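The values are calculated or read from the model by the stated rules, or taken from the named source; none is laboratory data. From a predicted model like this one, the values you see are computed outputs, not experimental measurements. Neighbour counts run over all protein chains shown; Cβ positions are idealised from the backbone, glycine included.
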Amino acid sequence: MKGARERKIGIAGVVLTMVIGLAPPRPASAQPTPSDSRGGTLWVSGRDGVVLPAPTLDTEVDLRITGMVARARVVQRFANPGDAWLEGVYVFPLPDMAAVDHLDMQIGQRRVEGRIQEKEQAKRTYARAKASGRKASLVSQDRPNLFTTRVANIGPGEEIEIALEYQETLRFEEEGFALRLPLVAAPRYDPPLGPVAVAGVGGFVPAAFPSPVWPVAPPSEGLVNPVRIRVRLEAGFPLEKLVSPTHVIFAQDLAAGSHEIYLEDFADRDFVLEWKPEPGRAPRAALFSESHEDGADVLLMVMPPSDEMAPQHLSREVVFVIDVSGSMGGTSIREARRALLLALERLSPGDRFNVIRFSDRTRALFPKSVRAGSAEVERARRWVRGLSAGGGTDMLPALQVALGADDGAADVRQVVFITDGSIGNEQALFSAIHAGLGRSRLFTVGIGSAPNGYFLKRAAGFGRGTHTVIATPAEVQTKMDGLFRKLESPVLSDVEILWNDAVEMWPERVPDLYAGEPVVVAARVPRFVGEVVVRGRRGGEAWVTRMPLVPGEPGRGIGALWARRKIAGLLEGLSTGADPQLVRQAVVAVALEHHLVSRYTSLVAVDVTPTRSADALLARADIPANLPAGWTAGGTLPRTATPAPLLRLLGALLLAGAGALAWRRG
């Protein structure tokens, strides 16, 4: 037993030493310090405690939107302002369903195109190039919406340009389209419990996949990483509205109904662009296609009828769950409280409800759901007004409490989950939803300037509900009104799509749809013949629509979108007990065929000519990101993870303890 205790202390000491090593050592008095910086220059620690100016990062995003498909080119320019050779490392977000299929590296007049490889092979390719002094770039997916770019051997005073291209489908809702471009990677909280047992799922589910670690720019240094965005919008119909709720934009109308939008800003909040057709001009169906030798890949959108139906007169139980962890501090907690207060106002006397708050602890207002009488609702209002943010983000217990309290007394049971989603254990949460959902429906409400869209969408998908994102205080009323319409409207359920031939369609099963949501699927069809039939049940009545299967609007990259949806479907199997090795093999095969970055594949570009001599040292520089707008400087991060000074102190104590034990054993 004594030996076991000594081994545990030694391991903890090693882990904390690794964490301590991420923090820059105190610079020698003769060296420049961060306080010496001018014009936003940041500093990183190199070898032997030498402090070096960090690479600068400048980003340009060009988006071309045709109908419901967006093609993006993201150019990251890494510049080395110092006199040492550097490796730049930058963690950045992209849309969670982005099909990343292209990488090129520009060095002066030379351009090197990236190749797709299995992730471990790509790492080895990059490492060999880095060690040999050749310029190289590696783009890897850490999470479905979080990527890392590594650029090796940036010479003194040199600039290297890395360009990524991806494709995605847009969201259509409430008779309009929306584009969300994530621009800031919010820090994530990983519960410290390790594997979590989830009832109904074989074995143990990992609580979190390894989270990347990236530095945050000191708020005193101001905003870093400027970004320029240009959007070419080919909507295909006259617009009633073209706005951004998050940024000041400049829009120009071009010929033939095209629009150009551009802005310059800093990456501290997601960019959202919304446009809406003139009344009566919204598309009811659309089909895009890309032909190949085996047939064609198609993207199909069908809008169910928008005629108003009477609300469902069913007894309801609504459980509201609100995140009050540290990352919700500042603007987010105020938006979340206001959203919840609006939701409480919409309860009917015949409803039953409860409110659950969570951070690193979970607490319910009532022991079980109660009737929504005036006294009970007023008590809930007072409780909600008093909520403040602080602590870690341990979401799993709150989720299990909310889903596990169904007594079957109501006809409809709805769980409304309000959070920024700044967690790292998504897979365990998805498994818990799959195992414990029962007849409940889960609706997620994303709060803040940089919510975790991947978690919000996937959790609502597993929960057979829908997701809403509130980016600014001005959106709270309209977005919550839209959510209430969904909660109170008939659902389009039992949706089926019938094709004339055998096709491979993703998602394989169309989820329930709520008011204002279309049917959207990608399919690989052997030929264009016959018609497509979409049918379902709405408010207890049968609904069906038909459309001829003919070549649609030609679209570049529809095959990549089909492949990306197939990869997402395969990975969802991990939350429902699928064999991880078989899933990996299937994902790798699809990703390599379509040249896509995935959990198991990466893009790597290597220059053929060495530029750094063997005797020149190479320092790594992790490029800082901004805190999301609205997060409280100096307060948010320590609440969502163990504070760095405490980690250093604990690490020193544990190392000292391990050393003392080793000395005693000797």
Inset, instruction - Say whether the condition of being surrounded by fewer than 18 Cβ atoms within 10 Å (Cβ to Cβ), in contact with a helix residue (DSSP H, G or I) (Cβ under 8 Å, 6 or more places away or on another chain) and at pLDDT below 95 is met by at least one residue in the range 446-467. - result: no
Inset, instruction - With respect to residue 184, determine if the residue is surrounded by 21 or more Cβ atoms within 10 Å (Cβ to Cβ), in a loop (DSSP other than H, G, I, E, B) and either out of contact with any Pro (no Cβ under 9 Å at 6 or more places or on another chain) or at pLDDT below 95 (or both). - result: yes
Legend entry - Single match in 75, 51 (criterion: at pLDDT 95 or above and in contact with a Ser or Thr (Cβ under 9 Å, 6 or more places away or on another chain)): 75
Legend entry - Extreme residue, surrounded by the fewest Cβ atoms within 10 Å (Cβ to Cβ), among residues of the range 168-181 that are under 20 Å from residue 73 (Cα atoms) and charged (D, E, K, R): 171
Inset, instruction - Examine the range 70-78 for a residue that is in a strand (DSSP E or B) and of a type in the set (S, T, N, Q), and state whether such a residue exists. - result: yes
Inset, instruction - List every residue pair whose Cβ atoms sit under 8 Å apart, with the two residues 6 or more apart in sequence or on different chains, where the first one lies in the range 390-416 and is within 21 Å of residue 483 (Cα to Cα) and the second, anywhere, is of a type in the set (Lys, Arg) and assigned to a loop (DSSP other than H, G, I, E, B). - result: 413/439
Inset, instruction - Please enumerate the residues belonging to the range 239-285 that are modelled with pLDDT of 90 or more, out of contact with any Phe, Trp or Tyr (no Cβ under 9 Å at 6 or more places or on another chain) and of a type outside the set (D, E, K, R). - result: 245, 248, 258, 271, 272
Legend entry - Checking residue 212 against (1) at pLDDT 85 or above; (2) in contact with a strand residue (DSSP E or B) (Cβ under 6 Å, 6 or more places away or on another chain), the condition it does not meet: (1)
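When you look at residue 551, is it crowded, with 16+ Cβ neighbours inside 10 Å and either assigned to a loop (DSSP other than H, G, I, E, B) or of a type in the set (Gly, Ala, Ser) (or both), yes or no?
Against the criterion (crowded, with 16+ Cβ neighbours inside 10 Å and either assigned to a loop (DSSP other than H, G, I, E, B) or of a type in the set (Gly, Ala, Ser) (or both)), residue 551 does not qualify.
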Inset, instruction - Please find, among 560, 591, 578, the residue that is more than 24 Å from residue 519 (Cβ to Cβ) and buried (at least 21 other Cβ atoms within 10 Å of the Cβ). - result: 591
Inset, instruction - Scan the range 157-167 for residues that are farther than 20 Å from residue 603 by Cα and buried (at least 24 other Cβ atoms within 10 Å of the Cβ) and jot them down. - result: none
Inset, instruction - Would you be able to tell me the number of residues in the range 346-402 that are in a loop (DSSP other than H, G, I, E, B) and more than 24 Å from the chain's Cα centre (by Cα)? - result: 17
Legend entry - Which numbered condition residue 375 misses (of (1) more than 29 Å from residue 189 (Cα to Cα); (2) among the small types (Gly, Ala, Ser); (3) surrounded by fewer than 16 Cβ atoms within 10 Å (Cβ to Cβ); (4) touching a residue at least 24 places away in the same chain (Cβ under 8 Å)): (4)
Legend entry - Every residue from the range 422-445 that is charged (D, E, K, R) and surrounded by 22 or more Cβ atoms within 10 Å (Cβ to Cβ): 426
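Going through 555, 530, 634 one at a time, which residue ends up being on the phi > 0 side of the Ramachandran plot and modelled with pLDDT under 90?
Of 555, 530, 634, the one residue that is on the phi > 0 side of the Ramachandran plot and modelled with pLDDT under 90 is 634.
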Legend entry - strands (runs of 3 or more DSSP E) contained in the range 229-321 and holding at least 2 residues more than 27 Å from the chain's Cα centre (by Cα) and in contact (Cβ under 8 Å) with a residue 24 or more places away in the chain: 239-243, 258-266, 285-292, 295-302
Legend entry - Selection within the range 543-593 - over 30 Å from residue 284 (Cα atoms), in contact with a strand residue (DSSP E or B) (Cβ under 9 Å, 6 or more places away or on another chain) and in contact (Cβ under 8 Å) with a residue 24 or more places away in the chain: 571, 574, 575, 588, 590, 591, 592
Inset, instruction - Report the residue count in the range 103-134 for those that are assigned to a strand (DSSP E or B) and either out of contact with any His (no Cβ under 8 Å at 6 or more places or on another chain) or surrounded by fewer than 21 Cβ atoms within 10 Å (Cβ to Cβ) (or both). - result: 13
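Does residue 406 fit the bill of being buried (at least 18 other Cβ atoms within 10 Å of the Cβ) and either acidic (Asp, Glu) or on the phi > 0 side of the Ramachandran plot (or both)?
yes
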Inset, instruction - Give just the number: which of (1) in a helix (DSSP H, G or I); (2) in contact with a Phe, Trp or Tyr (Cβ under 9 Å, 6 or more places away or on another chain); (3) loosely packed, with under 15 Cβ neighbours inside 10 Å does residue 572 not satisfy? - result: (3)
